[in-house]
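Worksheet: one structure, shown below.
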There are 2 protein chains.
Amino acid sequence: MKILIVGATGTLGSAIVNELKPRHHVITAGRSGGDARVDLKDVDSVRRLYDAIGPVDAVIAAAGSVHFGPLGDTTSAQFAGGLADKLLGQVNLVLEGQHRLNAGGSFTLTSGIIGDAPFRDGTNAATVNGALAGFVRNAAVELPRGLRINLVSPTVLEASLDAYGALFRGHPATPASRAALAYSRSAEGAETGQVFRVGY
Amino acid sequence: MKILIVGATGTLGSAIVNELKPRHHVITAGRSGGDARVDLKDVDSVRRLYDAIGPVDAVIAAAGSVHFGPLGDTTSAQFAGGLADKLLGQVNLVLEGQHRLNAGGSFTLTSGIIGDAPFRDGTNAATVNGALAGFVRNAAVELPRGLRINLVSPTVLEASLDAYGALFRGHPATPASRAALAYSRSAEGAETGQVFRVGY
């Protein structure tokens, strides 16, 4: 398979590359690193990425940021920023990709545990993650030509505990290599419209 | 109680007013009708509304539109429009209202059945509705001073069958008066962080 991985230089993206590269033709893309450059927030940038790489069999997104902070201090602009980045960014990959992937190909997007459980400072993340679940379950019945779409929702990664551990007290962490398996399951399996929760 | 109802002139909003007005001080607001004017997409407009009406005990939103249409034809701008209107509009009511409601007050937002089940043409709606569920469940643990927040998710209303019936074949419709009860349950009860599904 020819597989595009966006956000491939991050902790999770690197693990996905390690999982898939031994048996597939992997193209990496990111804001500042990888085989190609893309800003998912900008649909024209997404279009140019697809133009540059040609038809692919699978698209994996492990990119996107949200606003973390107390709801009481959150501004409308900060909230909108998370919607534009992690949510609409990944949606743009699907809107532009749905006419370009090879028949039977797949999209795999990334959400996270926040929202399945409530977390302090996490309301923007919970909103974006809930949105992605709604998007994936509904897009699965609308996509043409046997295209599939799934969502991977990992708990906190072991490698992220230094940065985010305080937010996730009491939650088990999972190795990035374990989370990466869910992307393999999505891209190499037959499922669609599913949310793969990893490590919780 | 002093209750603000936004979107009070719509089918659902009118039914909510009918349910609550006999026993509460109801203030209605909307884009083009009601006691006060507000454009929820514009956070400054929301701020001016709260300034004008003073502290309230409950805020109810029955407003917001999304994009309906095949995913294959949906543009990024159309998709973003639904996020800005039905999602961020209702979020703005909470972000601005959380410091102004009387202690123990409540927010009640509105989603819908699309996303709990997948529907053709409904991916934008499913995304927005999933986002609202994530928002409400997480905001419930972040809101200060005993403030509560719930989400009402009605199936198609009987009064909307002429306009939307074709989208909802095989789904029972519910009277707007039945859906209105869920807003009473949220505003007049003790629950928080809940999704009240009505008629499905």
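Quick note: the coordinates plus some simple rules give every number you see, no bench work behind them. Please read these numbers as outputs of a predicted model, since none were measured by experiment. Cβ atoms come from the backbone with ideal geometry, glycine included; neighbour counts cover every protein chain shown.
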Which distances, in nm and shortest first, link the A:T11 label point to the same label point in every other copy, taking 7 Å along Cα→Cβ?
4.7
Round to the nearest 10 and give me the degree value, 0 to 90, for the angle of helix B:11-20's Cα axis relative to the longest principal axis of chain B.
30
Positive minus negative residues near B:A182 (Lys, Arg vs Asp, Glu; Cβ under 10 Å)
+2
Expressed in nanometres to one decimal, the distance between label points 7 Å along Cα→Cβ at A:D51 and B:H171 is 3.9
Cut-off is 10 Å between beta-carbons; in what order do A:I149, B:I113 appear when sorted fewest neighbours first?
B:I113, A:I149
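How many Cβ atoms of partner chains, on average, are near each residue of A:82-93 if near means within 10 Å of its Cβ?
Numbers: counts 0, 8, 3, 0, 0, 6, 5, 1, 0, 9, 4, 0.
Mean shielding by partner chains, rounded to a whole number: 3.
Mind giving me the FRET efficiency for B:Y200 and A:Q78? R0 is 45 Å, r the Cβ-Cβ distance, nearest 0.05 is fine. If you can, show how the numbers build up before the last one.
Working: r = 34 Å, r/R0 = 0.76.
Result of the calculation: an efficiency of 0.85.
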Only counting other Cβ atoms within 10 Å, I'd like B:T9, B:T28 sorted with the fewest neighbours first.
B:T9, B:T28
Using the Cα centre of segment A:146-200 as the reference point, and only Cβ charges (+1 on K/R, -1 on D/E), how large is the resulting charge dipole? Debye, rounded to the nearest 20.
120
Ranking B:A180, B:L83, B:L157 by how far each Cα lies towards the positive end of the charge dipole of chain B (+1 on Lys and Arg Cβ, -1 on Asp and Glu Cβ), the top one is B:A180
Fewest first, what order do A:V156, B:V6 take by the number of other Cβ atoms within 10 Å?
A:V156, B:V6
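Please identify the trypsin sites (Lys or Arg not before Pro) of segment B:110-170 that satisfy two criteria: DSSP loop assignment and at most 10 other Cβ atoms within 10 Å. Which are they? Provide the component values of the computation, followed by the final result.
Details: sites: B:R120, B:R137, B:R145, B:R148, B:R169; in loops: B:R120, B:R145, B:R169.
Hits after loop and neighbour filter: B:R169.
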Which FRET efficiency value, to the nearest 0.05, is calculated for A:E191 and B:A190 with the Förster distance at 30 angstrom and r the Cβ-Cβ distance?
0.15
I need the inter-copy label distances for B:S32: point set 7 Å along Cα to C-beta, values in nm with one decimal, smallest first.
4.8
Dipole magnitude of chain B, debye to nearest 20 (Cβ charges: Lys/Arg +1, Asp/Glu -1, about Cα centre)
320
Relative to the longest principal axis of chain B, what angle (0 to 90°, nearest 10) does the C-alpha long axis of helix B:88-97 take?
10
So, in Å, what gap is there between the alpha-carbon centers of segment A:83-111 and segment B:17-38?
41
Computed from every Cα-Cα pair in chain A, P(r) in 10 Å bins starting at 0 and rounded to whole percents is 9, 38, 38, 13, 1
For A:P70, place a label point 7 Å out from Cα along the Cα→Cβ vector, do the same in each other copy, and report the separations in nm, one decimal, smallest first.
5.0
Under the Karplus relation 6.51 cos²θ - 1.76 cosθ + 1.60, θ = phi - 60°, what is the ordered set of whole-Hz ³J(HN,Hα) values for segment B:145-160, x standing for Gly and Pro?
6, x, 5, 10, 8, 9, 10, 9, 10, x, 6, 4, 7, 3, 6, 9
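What is the sum of charges around A:G105, taking Lys and Arg as +1, Asp and Glu as -1, for the other residues whose C-beta is under 11 Å from the C-beta of A:G105? Each step should come with its number before you reach the end.
On the way: positive: A:K2, A:R100, A:R145, A:R148; negative: A:D57.
Cβ neighbours under 11 Å give a net charge of +3.
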Number of Lys pairs in the protein assembly as shown closer than 30 Å at Cα, excluding neighbours under 8 places apart unless interchain, is 16
